[in-house]
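Have a look at the structure that comes next, please.
The values are calculated or read from the model by the stated rules, or taken from the named source; none is laboratory data. Bear in mind the structure is a predicted one, so any value in this text is a computation, not a measurement. FYI the Cβ positions are ideal-geometry reconstructions off the backbone, even for glycines, and counts take in every protein chain you see. With ligands, DNA and RNA removed, areas are computed over all heavy atoms of the protein, side chains included. Shrake-Rupley method; radii C 1.70, N 1.55, O 1.52, S 1.80 Å.
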Amino acid sequence: MARNLGGFLVLILAISICQAASVFEPISDSHRSAALELFTATDRSFGSLEETYQALRTLDILGIEKKADKITKPCQSVLENLKSSSSPLKDLFNALKANSILKCSADEGVYEGIASRLKAVAKDASSLLDIYYSIGGLTLLKDQASKTDVLLADADGIFQSIKALSQSDGRWRYSSNNPEPSTYAAGLAFEALAGVFSLAPSEIDQSRINTVKNDILKLFDSIEKYDDGTFYFDEKTVGASEQPGPLLTTASVVRGLTAFAAVSSERINLSGDKILGLAKFFLGIGIPGDGKDFFNQIDALACLESNRVSVPLILSLPATVLSLAKKDQLKVRVNTVLGSVAPPLTVKLLQAFSRSSKDASIIESKELKFDSQSGVHSLDALPKSLDVGTYVFVFEIVVHDQDAEEVYATGGQTHVKIYVTGFITIDNAEIAVLDSDLGSIETQKKLDLAGDDVVSLSANHLQKLRVSFQLTSPLGHAFKPHQAFLKLRHESKVEHVFVVGNAGKKFEVVLDFLGLVDKFFYLSGRYDIQLTVGDAIMENSFLRPVGHVELDLPEAPEKAARPPPLPVDPYSRYGPKEEITHIFRAPEKRPAKELSLIFLSLAFLPFIGLLVGLLRLGVNLKNFPTSAVPATYAILFHVGIAAVLLLYVLFWVKLDLFTTLKTLCLLGAFLMFVGHRILSHLASVSAKLKSA
């Protein structure tokens, strides 16, 4: 059991390492597995048009074979909304988005009718959402129906309608009647403006583009940041009953930014650190459990994967825990946010320093070797001066092509927390019983903390118990673990825990039983001794029994404290109860088989006597009805009587009382009916004979 507890201790420490390490990983197979679970077609459909598009878009980005090939309902729903002139604007927009992936075929006349309707809405709309849906729909039509005229004759007027809703801080209002600005709405506005520029019949004035670029820069001035370099946007609307969270808000801004950057002739001068920070925000979320959140995460990362502002490169480590005992290699990967191969580059390890002494660098400027087959940058070997501990490794990504430096965002220096683990040497482990007054050693024994040996000691209240040992790191330095405890457990299950202190390499705890009699509740008897030493970087952490001590304490005075009640084990209270075994009375002794057969024969004698008596009386069937209907009732009556007699036999052999009574009720009702009919017939025949 001690070994299991030790393993559990190491597991908890390992989990704390994983949680503390701030390393961002690109999209992996875990996201693909989660997508297949979240986006499952029910009854050959994903749900609403919006949910259908989100599912298809997510599966398409992740490179999963679309299940739409086996789904018929999405195309039916898409075509119904495209052909209907009364479908809501949002449904029409989502139908066009879903059709951009499904490729459902429709007549050219359907597309022309949609284009006319969307143009009219865009021209007269005063709401940002109406403009967004109409312009977005026309942009989608431009790719789906090349022969349809989707150009905006009044592009400048629509631009002014959208710009009129902007605020000085880069945020947007949803309408002129809604004074509350929104960051989420700003993303929609940038996306709509990008659509206006792409649908304009002539080249847009550069001043218009510069105006929108300034709005984007103003919005990014209010971006929020975490300590790990993560950037995100959050809605600041006050008093709104429902508002999007940071994930939806940031995804909206990213979609708007990348859409506008795609139509702008000049690059948007945004810091690569902010673009990389946005990517870290989406990757740091992990795997959302909601389909909508999952779509916004993947869709936003896909926008960052290929954009004209800056493509973020993610530096990740397959392992942030390196073992000196196993001679692990330091390995680094560099990919895009979706896990694609990065351009030719070099990863440099600028320095590595201990968290306790940041000024003393252990590693100075080393270039990691790149393996083209595995795509891993690795360090040949860790320096010999590296001891167990927690370190910060500083990496830098250098892109080989100078032109690519403007395309990719590397984030400058990347700080990664690395845990170096190893085996800690345990020396001079001893346990001793000391004389309380002189401090002389009464009994002293060596402890084999690496084996299974245990010791047996005895002491009284005038003596002391001392446990000591030394811990040394692989390089011979003093090692101080996170946990070092000594536990004494009485045979009555009362426990006492003591912290083991240290001075340099030596750890020691001395228990003066004279001063601990009150804490021990004057309980004499056997105390099991358990030693716990554990640390996140100590590979041989342990929790094991080292022996026991027979302790002789004085009798407890009248006013001495009593041991606290032991906590109730919830398993014993709520767990399975002990099985109850029922003891039945032994059956009575039965008579011999021959006697039972004789009694059965005697039981048939009255029946035989009945038959003989009927024959002696001259019973006949002269009064049996000859007509068909009365004869049928007479036969059924006699069959019913025979059925009742048979039921009595079955009750005696196998049936229970309740089954017999239910069956007897049915037979009784049947006999009453047929008996009444046959008796009525006999009475009428008798009356006719008397009258004649």
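So for segment 365-483, averaging the separation of alpha carbon pairs under 8 Å that are six or more residues apart and normalising by length, what relative contact order in percent results?
Computed over segment 365-483, the figure is 23 percent.
Residues of the chain: accessible area per residue at 1.4 Å, in Å²?
56 Å²
What are the ³J(HN,Hα) couplings of segment 205-211, residue after residue, when phi is run through the Karplus curve with 6.51, -1.76, 1.60 and θ = phi - 60°? Round to Hz, x for glycine and proline.
Result, ordered by residue: 4, 4, 5, 5, 5, 5, 4 Hz.
Using a cut-off of 13 Å between beta-carbons, work out the net charge of the residues near Phe479 (Lys and Arg +1, Asp and Glu -1, Phe479 not included).
-1
Check each of the GluC sites (Glu not before Pro) in segment 61-134 and keep only those in coil by DSSP with at most 14 other C-beta atoms within 10 angstrom; list them in order.
Qualifying residues, ordered by number: Glu65.
Taking a threshold of 28 Å on the Cα-Cα distance, which of the pairs Lys274/Lys331; Lys83/Lys163; Lys73/Lys163; Lys123/Lys236; Lys326/Lys446 fall above it?
Lys83/Lys163; Lys73/Lys163; Lys123/Lys236; Lys326/Lys446
Add +1 for every Lys or Arg and -1 for every Asp or Glu among the other residues with Cβ under 12 Å from the Cβ of Phe469, and state the total.
Combined, the nearby Lys, Arg, Asp and Glu give 0.
Could you give the nm distance between label points at Leu666 and Ser86, where each point is 7 Å from its Cα heading toward the beta carbon?
About 5.7 nm, to one decimal.
At a probe radius of 1.4 Å, what is the per-residue accessible area of Val549, in Å² to the nearest 10?
0 Å²
Additional query: Taking a 1.4 Å probe, which of Val454, Val467 shows the most accessible area, and what order do the others take after it?
Values: Val454 95, Val467 5 Å².
The residues order as Val454, Val467, largest area first.
Here is a further query. For Rg and Dmax of the Cα atoms in Å, several values are listed as [x] 27.9, 95; [y] 24.3, 93; [z] 44.4, 139; flag the one computed from this structure.
Answer label, from the structure shown: [z].
How much length, in nm to one decimal, is gained on full extension between Ser30 and Leu514, taken as 0.36 nm per residue of separation minus their Cα-Cα distance? It would help to have the intermediate numbers written out before the result.
Values: separation 484, 0.36 × 484 = 174.24 nm, distance 5.96 nm.
Here the segment from Ser30 to Leu514 would lengthen by 168.3 nm.
Same structure again: Could you please tell me the mean projected area of the C-alpha convex hull for segment 78-146, averaged over all directions and given in square nanometres to one decimal?
With the hull built on Cα positions only, its mean projection is 4.0 nm².
Okay, next question. Please give the solvent-accessible surface of Tyr648 in Å², to the nearest 10, using a probe radius of 1.4 Å with every protein chain present.
Tyr648 has an accessible surface of roughly 120 Å² with all protein chains in place.
Okay, next question. So if each residue of separation counts as 0.36 nm, and I subtract the Cα-Cα distance between Glu558 and Thr211, what length gain in nm does that give?
116.1 nm
Pairs to check: Lys90/Lys225; Lys218/Lys417; Lys358/Lys384; Lys142/Lys280; Lys97/Lys292. Give those whose C-alpha atoms are more than 26 Å from each other in this structure.
Working: Lys90/Lys225 33 Å; Lys218/Lys417 34 Å; Lys358/Lys384 19 Å; Lys142/Lys280 33 Å; Lys97/Lys292 15 Å.
Check vs 26 Å cut-off fails for Lys90/Lys225; Lys218/Lys417; Lys142/Lys280.
Could you order the peptides 424-433, 191-200 from most to least packed, using the average number of other C-beta atoms within 10 Å per residue? Spell out each step's value before the answer.
Details: 424-433: 16.7, 191-200: 24.0.
Result, highest mean first: 191-200, 424-433.
Hey, got a sec? Which trypsin sites (Lys or Arg not before Pro) in segment 591-692 land in a DSSP loop and have at most 11 other Cβ atoms within 10 Å?
Those satisfying the criteria are Lys622, Lys654.
Now for a different question. For the pair Ser372 and Asp452, what calculated FRET efficiency results from E = 1/(1 + (r/R0)^6), where r is the Cβ-Cβ distance and R0 = 41 Å, to the nearest 0.05?
0.25
Can you count the Lys pairs in segment 476-595 with C-alpha separation below 25 Å, eight or more apart or on different chains?
Qualifying lysine pairs in segment 476-595: 9.
Order of 345-355, 514-524, 292-302, 596-606 by packing, highest average Cβ count within 10 Å first?
Per-residue mean Cβ counts within 10 Å order the peptides as 292-302, 345-355, 514-524, 596-606.
So what does the Cα-only Debye profile of segment 547-643 read at q = 0.19, 0.20, 0.21 Å⁻¹, as log10 I(q)/I(0), no solvent term?
-1.15, -1.17, -1.20
If you don't mind, there's one more thing I want to ask. Mind listing the Cα extents of segment 417-468 along all three principal axes, in Å, largest one first?
50, 25, 16
Within the set of other residues whose C-beta is less than 14 Å from the C-beta of Val321, count the net charge using Lys and Arg as +1 and Asp and Glu as -1.
+1
Round to a whole number: what % of the accessible area of segment 539-658 belongs to carbon and sulfur, probe 1.4 Å?
68 percent
Check which residues have an amide H placed less than 5 Å from Leu475's amide H, if you skip close sequence neighbours.
Val388
Residue separation times 0.36 nm, minus the C-alpha to C-alpha distance between Phe485 and Val321: what's the value?
Here the segment from Phe485 to Val321 would lengthen by 56.5 nm.
Under the rule of -39500 (n - 2.57) per DSSP H run of 4 or more residues, summed and divided by the residues of the chain, what mean residue ellipticity at 222 nm is obtained, to the nearest 500 deg cm²/dmol?
-13500 deg cm²/dmol
Can you give the accessible area of Asp290 in Å² (nearest 10), computed on protein heavy atoms with a 1.4 Å probe?
80 Å²
Still on this structure, I have one more. Towards the positive end of the charge dipole of segment 188-311, with charges on Cβ (+1 Lys, Arg; -1 Asp, Glu), say which of Asn269, Gln206, Gln297 has the farthest Cα.
Farthest towards the positive pole: Gln206.
Which whole-number percent gives the relative contact order of the chain, counting Cα pairs below 8 Å spaced six or more residues apart?
For the chain, the relative contact order is 9 percent.
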